[in-house]
Amino acid sequence: MVRSVIIALATLLVGTASGVASAEDTNQEFLLSASAAPLKLGIAGAIAIKIDVKPGFHWNDDYPAKLELTGAPDGVTLPKATLAQLAGDFKSETPTLVNVAVPAIAATRASGTITIDAHFSVCNERECRIKKATTTVQIVAQ
């Protein structure tokens, strides 16, 4: 655990981590995606976020990964807009698949785009890499 964190931090400090990706990493190390079914007024729904780590890499369970969601349309509340792996918000299905469910509640009819910024780490046999990625999800409340 400590070794993974040290390697990840060292990778960040020497600047070998790749930059921001939009949905899919240019190095083909992961795919970040999000979806949401239409929200019903007054009933809790969810935004489903998935990080699919590509072959040759695995999810770093020891890194303090986090997701930040911004831009919820007026009338849509995200009770928890910042989620953290170390707080138990992430569900690692396998070493290469992570799911996060973000609660969303609509008080009025609304639609808009929510931006999701992800900060996490993936590892291979030699190193761990710090990753940043951004994607969006369309929200419709009816």
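The values are calculated or read from the model by the stated rules, or taken from the named source; none is laboratory data. These figures come from a predicted structure and were not determined experimentally. Heads up, the Cβs are rebuilt from the backbone with ideal geometry, glycines too, and the neighbour counts pull from every protein chain shown.
Put simply, of Thr108, Thr70 the only residue that is within 19 Å of Val140 (Cβ to Cβ), without any contact (Cβ under 8 Å) to a residue 60 or more places away in the chain, β-branched (Val, Ile, Thr) and loosely packed, with under 13 Cβ neighbours inside 10 Å is Thr70. Looking across Ala133, Ala104, Ala65, Ala84, one residue alone is of a type in the set (A, V, I, L, M) and closer than 24 Å to Pro38 by Cβ. It is Ala104. Checked against the criterion of being closer than 17 Å to Ala46 by Cα and touching a residue at least 12 places away in the same chain (Cβ under 8 Å), the stretch 120-131 contains not a single residue that satisfies it. Pairs linking a residue in the stretch 28-39 that is farther than 11 Å from Val53 by Cα to a residue that is small (Gly, Ala, Ser) and assigned to a loop (DSSP other than H, G, I, E, B), with Cβ atoms under 8 Å and 6 or more positions apart or on different chains, are Ser33/Ala23.
Quick grid of which residues meet (1) modelled with pLDDT under 65; (2) small (Gly, Ala, Ser):
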| position | (1), (2) |
| --- | --- |
| Val5 | yes, no |
| Ala8 | yes, yes |
| Leu12 | yes, no |
| Ala17 | yes, yes |
| Glu29 | no, no |
| Pro38 | no, no |
| Ile43 | no, no |
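Screening Thr108 on (1) of a type in the set (S, T, N, Q); (2) part of a strand (DSSP E or B); (3) over 15 Å from Val122 (Cα atoms) shows it passes everything except condition (2).
Only one of the listed residues (Thr135, Thr115) is touching a strand residue (DSSP E or B) at 6+ places or on another chain (Cβ under 7 Å), part of a strand (DSSP E or B) and surrounded by fewer than 16 Cβ atoms within 10 Å (Cβ to Cβ). That residue is Thr115.
Counting only strands (runs of 3 or more DSSP E) that sit wholly inside the stretch 54-102, those with at least 1 residues that are more than 11 Å from the chain's Cα centre (by Cα) are 66-70, 91-94. Filtered by the rule that a residue be among the aliphatic types (A, V, I, L, M) and in contact (Cβ under 8 Å) with a residue 60 or more places away in the chain, the stretch 73-105 gives Val76, Ala104, Ile105.
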